[in-house]
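In what follows, a single structure is set out as C-alpha cells and then discussed.
Please treat every number below as a calculation from the coordinates, not as lab data. Predicted model, so just to flag it, every value in this text is computed and none were measured. Here Cβ is always computed from backbone atoms with ideal geometry, including for glycine, and neighbour counts include all displayed protein chains.
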Amino acid sequence: MDILNITSEIKVTEKAAKEILKIKDENNIPGTYGLRVGVKGGGCSGLTYTLGFDTEEKEGDTVIEQNNVKLFVDGKSLFYLSGTELDFTDGLNGRGFVFNNPNATKTCGCGESFGV
C-alpha cells in the first residue's frame, strides 16, 4: 500500500471532507471505509468521474489521506486525477461534489465528464 501526501496528488477541501464524513455518518458507513475516487470512459467529453465508498484498498491502489478522509485511487485514475481538487458546493448552480482537474482540456456543461 502506498500512502501519499494528498496535497501532491489529490486535494480534498475541508468542505468536501465534512460532506463525505456527514454522508458516512448518515448512512452508518463504518469509519474504516474509504472513498473510492476514479474515472471511467463515458460522458459527452470522453471520461467521467466516479465516487463511492469501499471497504478496503485493492491491488494497485494508492491510498491518500487528508482531513480525516481516506481515498482509494487505482493507478489509471490517478494518472488522470493527479493535481485535482475535490470540493463540495451547495450554491445556486446546484449541490454536489466538484472536481477541479488541471489535466482536463475540455469539460461538458454539467462538469461530470472531461477530456484530456
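Here are the numbers for this structure:
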{"read-out": "Within region 59-80, backbone nitrogen closer than 15 Å to the virtual label 7 Å beyond the Cα of Leu21 toward Cβ", "value": "65-71"}
{"read-out": "Neighbourhood charge, 13 Å Cβ-Cβ cut-off, centred on Thr84 and excluding it, Lys, Arg +1 and Asp, Glu -1", "value": "-2"}
{"read-out": "Region 42-98: GluC sites (Glu not before Pro) in DSSP loop, at most 15 other beta carbons within 10 Å", "value": "Glu56, Glu59"}
{"read-out": "Trypsin sites (Lys or Arg not before Pro) within region 49-98, DSSP loop, no more than 11 other Cβ atoms inside 10 Å", "value": "Lys58"}
{"read-out": "Long-range HN-HN contacts of Arg36 with modeled amide H, under 5 Å", "value": "Gly52, Phe53, Asp54, Phe72"}
{"read-out": "Estimated dipole of region 2-105 in Debye, rounded to 20 [Cβ of Lys and Arg +1, of Asp and Glu -1, Cα centre]", "value": "300 debye"}
{"read-out": "Two-decimal Rg/Rh across region 2-105, once Rg and the Kirkwood Rh are taken from alpha-carbon atoms", "value": "0.94"}
{"read-out": "Ascending count of other beta-carbon atoms within 10 Å, so fewest first, for Thr84, Thr50, Thr89", "value": "Thr50, Thr89, Thr84"}
{"read-out": "Distant-in-sequence amide H partners of Phe88 (H built 1.01 Å from N, under 5 Å)", "value": "Ala16, Val98"}
